[in-house]
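Here the structure comes first, spelled out in structure tokens, and everything after it is commentary.
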Amino acid sequence: QVQLVESGGGLVQAGGSLRLSCAASGRTFRSYVMGWFRQAPGKEREFVAALSWNGDTTSYTDSVKGRFTISRDNAKSTVYLQMNSLKPEDTAVYYCAASVSWSGSDPMGFGSWGQGTQVTVSS
């Protein structure tokens, strides 16, 4: 498994931007599908975005399309989530996850998870 550590969360006003980072340990990072999920208080964890090992394939949940961008730097073993035009409903703990194969939005397909980083968007 790969170890994941998220950073970059914080408090931002609606309409603002944040960039989350997820640093991975291990030399096999480039072989993993990477994803971002989020969990708001009282709600289930939900899929946000996923990216194939080479960056050629991406997937986003409808609510973030056009606002969020997932990317990766395999040389740095890091995956990013650029979040623009943030809304109060984006408030959640954001988790980075890794999968050995493409499983789309299914969290059960991701075997490694980070501890999460809090994102709070004020209105």
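Remarks
- Phi to ³J(HN,Hα) by Karplus 6.51 cos²θ - 1.76 cosθ + 1.60 over segment 70-78, Hz, x for Gly, Pro: 9, 8, 8, 10, 5, 5, 9, 6, 9
- Share of carbon and sulfur in the accessible heavy-atom surface of segment 45-123 [1.4 Å probe, %]: 47 percent
- Over the chain - Rg/Rh using Cα atoms and the Kirkwood inverse-distance radius: 0.94
- Average accessible area per residue (Å²) across segment 43-101 - probe 1.4 Å, nucleic acids and ligands excluded: 48 Å²
- Selection of trypsin sites (Lys or Arg not before Pro), segment 65-123, meeting DSSP coil and at most 16 other Cβ within 10 Å: Lys65, Arg67, Lys76
- Placing unit charges on the Cβ atoms of the charged side chains and taking the dipole of segment 33-118 about its Cα centre, the candidate lying farthest along the positive direction among Phe110, Cys96, Phe47 is Cys96.
- Here r is the Cβ-Cβ distance between Asp73 and Ser123 and R0 is 35 Å; the resulting FRET efficiency, rounded to 0.05, is 0.60.
- If the chain linking Leu11 and Asp62 were pulled fully straight, counting 0.36 nm for each residue of separation and taking away their Cα-Cα distance, it would gain 16.0 nm.
The values are calculated or read from the model by the stated rules, or taken from the named source; none is laboratory data. Keep in mind it's a predicted model, so treat the numbers as computed, not measured. Cβ atoms come from the backbone with ideal geometry, glycine included; neighbour counts cover every protein chain shown. Surface areas here come from the heavy atoms of the whole protein model, side chains and all, with no ligands, DNA or RNA. Shrake-Rupley method; radii C 1.70, N 1.55, O 1.52, S 1.80 Å.
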